[in-house]
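Laboratory data are not the source of any read-out in this text; all were calculated from the coordinates shown. Values in this document were obtained by computation on a predicted structure and should not be read as measured data. Cβ atoms come from the backbone with ideal geometry, glycine included; neighbour counts cover every protein chain shown.
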């Protein structure tokens with residue numbers, strides 16, 4: 001059965017996640033403020049009907065899911081492969097620091113972990129569920145798949161392999177967004193890009209290579 005228990009989260013990584021949160025929330029709110037200013041400006045310059053039309057268009061443009069993302073990342077760490085594999089299959093995978101790092105609650109179950117994240121000053125919340133599957137590559141290296149859903153809807157998938165190269169542990173993972181996102185999510189992405197490598201470094205991982213791809217699907 002799922003259980004809510006205290007999870008020891010690394011303090012340095014938590015500090016970075018909190019910095020991310022402090023900057024992401026105001027920047028996301030700024031999008032709403034700008035849309036409101038445009039609406040009011042249109043109303044002052046014209047009349048209510050054109051302002052309503054402009055406001056509706058802004059909402060559609062901001063929310064319609066048109067952006068896709070995927071990428072590959074290579075990490076290096078001094079930790080042994082067994083410890084790294086355990087961290088990726090545990091309740092706080094290093095690459096999901098911006099989920100567990102700002103979660104109000106963490107609930108664990110059989111091969112699953114759930115993070116409850118609140119926003120809008122706690123008025124609303126979302127439950128992110130991570131389902132973990134483990135296997136091995138043909139060479140015997142651990143292979144971990146993390147499938148994320150948000151309130152039961154597909155969100156993203158991460159597939160990581162852990163191996164030893166030149167005496168160091170290397171993690172290579174691919175990620176794919178299983179859900180398109182709208183323009184209103186761009187500020188969130190910008191802030192995440194600013195802090196993601198710092199958050200990994202706080203957990204003992206160095207980003208060796210990162211290749212990201214974004215596309216617009218109409």
Quote to one decimal, in nm, the extra length available between residue 45 and residue 186 on full extension: 0.36 nm per residue of separation minus the C-alpha distance between them.
47.9 nm
Residue 139 paired with residue 36, simple spin-label distance in nm, labels 7 Å along Cα-to-beta-carbon:
5.5 nm
Rg and Dmax [Cα atoms of the stretch 68-124; Å; Rg one decimal, Dmax integer]:
14.2, 42
Once you wrap a convex hull around the alpha carbon atoms of the stretch 69-218, what is its projected area averaged over all directions, in nm²?
9.8 nm²
